[in-house]
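Trainee: Below are the structure tokens for one structure; questions will follow.
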Amino acid sequence: MTSAFPVKWRANPRAHAVRLSETVSAMFPPGISRQVRSFHRQLPGYKISPLKGLPTLAAMLGLGGIWVKDESQRLALRSFKILGGSYAIYQVVKSMLGVEQEIPFAELTSDDVRRKLGDITFAAATDGNHGRGVAWAASAMHFRSVIYVHKFTSQARIDSIASCGAEVRIVDGTYDDAVLQANADAQANGWQVISDTSWEGYEDIPRWVMQGYSTMLSETQEQLAGQGIVKPTHLFVQAGVGALAASVIGFYHQLFGENDPLSVVVEPDKAACLYRSVEIGDGQPHSFAGDLDTIMAGLACGDPSPVAWKVLWDCADVFLSCPDYVAAKGMRVYGVPLSGDPFIVSGESGAVTLGALMFIMERPELAELREKLQLDRTSQILLVNSEGNTDPNHFRRIVWDGADPVPHEYRGAK
Ligand SMILES: Cc1ncc(COP(=O)(O)O)c(C=O)c1O
């Protein structure tokens with residue numbers, strides 16, 4: 001389904017025809033999220049990130065509850081991404097040591113392990129957050145890292161990657177070009193690539209990255225249980241290459257099978273590769289051409305991760321493509337909450353799902369989608385605030401100066 005309205009959506013014809021996805025079962029084998037969490041628990045500074053309810057906003061929009069897993073302070077890196085990169089590095093180190101069982105973090109950082117492994121350099125391409133996570137985790141385990149960013153990456157993001165101990169290299173191109181360059185240099189120098197996106201023959205590490213994100217989800221399930229909620233009814237997840245969305249949607253599919261929550265994958269309209277893939281509808285991932293020039297830096301990816309795509313093709317219900325002002329609106333609503341709701345710091349990529357939810361609930365042009373998703377006063381929506389203020393200049397430009405305003409004709413409820 002498409003319309004002339006700038007927020008566009010497509011239903012996935014395949015979703016819910018799959019009762020239990022084999023791809024998901026392979027990604028989340030029994031016990032994996034407990035194993036992942038027991039690794040993260042040992043990282044210096046680990047604590048459970050908050051799950052924040054927005055009851056006043058939910059009531060205003062005609063919903064039962066809005067729950068925000070707030071990753072804006074995760075391990076002081078201001079993004080969930082650290083969970084994936086750190087777990088993938090841990091798995092790589094384990095396989096280099098030829099060890100199957102879990103290794104305590106203290107042992108991992110010991111001189112003995114260092115001696116056995118020698119010098120390892122980890123390389124990653126990033127639009128900011130993944131690279132910072134890899135740099136932080138590599139340096140916590142006393143390894144070197146080289147991080148590749150694209151030419152549109154802001155100085156603030158580059159500086160914060162470098163401050164985690166990495167050498168940062170700037171590639172004259174997009175995120176997808178940075179991925180290619182990181183691979184070429186790694187091959188030439190014998191480095192180990194830690195990528196959140198996959199390609200043929202390179203699937204284990206991206207799968208470990210996706211498994212790594214499950215810590216956020218097992219925490220969420222405990223926090224929801226504390227509120228008397230067995231599961232969310234709806235998942236709204238933002239996507240770049242799709243690894244986060246596949247992890248969130250796959251995790252719930254593995255837990256609840258055909259009774260899993262209804263899910264919406266949200267992308268910028270200038271980098272909507274997953275939306276395009278479902279639009280083409282042949283079951284294959286497709287690229288999105290262009291310079292991917294969106295304010296949602298973390299979502300500016302033109303090529304889906306094939307491993308993530310397989311999960312989304314099996315399980316995601318709806319794909320949404322949004323203009324930048326949807327994210328900007330989400331940031332402002334998080335930052336200036338209704339009375340009784342908590343204040344949340346959310347960056348462009350973090351806030352787009354709240355903006356999208358508001359458009360769906362408020363705009364008559366999206367009534368058909370609202371009905372299809374059965375969004376009403378019984379709905380309990382889970383959102384992930386996937387980043388905090390990761391780019392302070394852009395953050396102030398939007399939240400203080402009102403950049404990227406919602407066009408007059410699309411403001412609020414009609
Ligand atoms: C803040 C933030 N949110 C969401 C995403 C999307 O993750 P993925 O590329 O796995 O779809 C990213 C990716 O870098 C990100 O940085």
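Read-outs: derived from the displayed coordinates by stated rules, not from any lab. All figures in this text were calculated on a predicted structure; none of them were measured in a lab. Backbone-built Cβ (ideal geometry, glycine too); neighbour counts: all protein chains shown.
Trainee: Which of D293, D317, D70 moves the most in a Gaussian network model of the chain with Cα springs under 10 Å?
Mentor: Among D293, D317, D70, the largest GNM mean-square fluctuation belongs to D293.
Trainee: Largest first, please: the extent of the C-alpha atoms of segment 311-395 along each principal axis, to the nearest Å.
Mentor: Ordered largest first, segment 311-395 gives principal extents of 37, 33, 22 Å.
Trainee: Of F143, F251, how do they rank once you tally other Cβ atoms within 10 Å and put the fewest first?
Mentor: Sorted ascending by nearby Cβ count, the order is F143, F251.
Trainee: R0 = 41 Å: FRET efficiency of R144 with D291, Cβ-based, nearest 0.05?
Mentor: 0.85
Trainee: Just to confirm the number: angle between the C-alpha axis of helix 214-226 and the first principal axis of the chain, 0 to 90 degrees, nearest 10?
Mentor: 50 degrees
Trainee: How long, wide and thick is the chain, going by the Cα atoms along their three principal axes, in whole angstroms, largest first?
Mentor: Here the spans come out as 65, 45, 42 Å, largest first.
Trainee: Just grab the label-to-label distance for S110 and S25, each label 7 Å out from Cα along the Cβ direction, in nm (one decimal).
Mentor: 3.9 nm
Trainee: Can you check what the Kirkwood hydrodynamic radius comes to for segment 81-202, Cα pairs only, in Å to one decimal?
Mentor: In segment 81-202 this quantity evaluates to 14.5 Å.
Trainee: Would you list H40, H16, H130 from fewest to most Cβ contacts within 10 Å?
Mentor: In increasing order of surrounding Cβ atoms, one gets H16, H40, H130.
Trainee: Which value, in debye to the nearest 20, gives the size of the charge dipole of segment 81-202 about its Cα centre, when Lys and Arg are +1 and Asp and Glu are -1 at the Cβ?
Mentor: Dipole magnitude for segment 81-202 comes out near 240 debye.
Trainee: Please give me the summed charge of the neighbours of D204: other residues whose Cβ is under 14 Å from its Cβ, Lys and Arg +1, Asp and Glu -1.
Mentor: -1
Trainee: Lys and Arg at +1, Asp and Glu at -1: add these up for the other residues within a Cβ distance under 14 Å of R132 and post the number.
Mentor: The answer is -3.
Trainee: So, one more: Given the Cα-Cα distance of T378 and V230 and 0.36 nm per residue of separation, how much length would full extension add, in nm?
Mentor: That pair, T378 and V230, stretches by 52.0 nm at full extension.
Trainee: Nearest 10 degrees is fine. How inclined is helix 129-140 to the longest principal axis of the chain, computing both from alpha carbons?
Mentor: Relative to the chain, helix 129-140 is tipped by roughly 30 degrees.
Trainee: To check you understand DSSP bridge types, tell me what percent of the beta bridges within the chain (both residues inside) are antiparallel, rounded to 5.
Mentor: Bridges in the chain are about 20 percent antiparallel.
Trainee: Counting other beta carbons within 10 Å of each residue's own, what order do K329, K81 fall into, fewest first?
Mentor: K329, K81
Trainee: Summing +1 for each Lys or Arg and -1 for each Asp or Glu, what net charge is found among the other residues whose Cβ lies under 15 Å from the Cβ of E102?
Mentor: +2
Trainee: By how many degrees, between 0 and 90 and to the nearest 10, does the Cα long axis of helix 81-97 differ from the longest principal axis of the chain?
Mentor: Between the helix axis and the principal axis of the chain, the angle is about 30 degrees.
Trainee: Further question: Using a Gaussian network model of the chain whose springs link C-alpha atoms within less than 10 Å, name the residue from I147, I229, I381 with the highest mean-square fluctuation.
Mentor: I229
Trainee: Give a quick list of GluC sites (Glu not before Pro) in segment 16-100 that DSSP marks as loop, anything other than H, G, I, E or B, with at most 10 other Cβ atoms within 10 Å.
Mentor: Sites meeting the loop and neighbour criteria: E100.
Trainee: Of the beta bridges DSSP finds with both residues in segment 81-202, what % are antiparallel, to the nearest 5?
Mentor: Percent antiparallel among DSSP bridges in segment 81-202 is about 5.
Trainee: Would you mind checking the pairs K8/K81; K69/K310; K47/K151; K52/K94 and listing those with alpha carbons more than 32 angstrom apart?
Mentor: K47/K151; K52/K94
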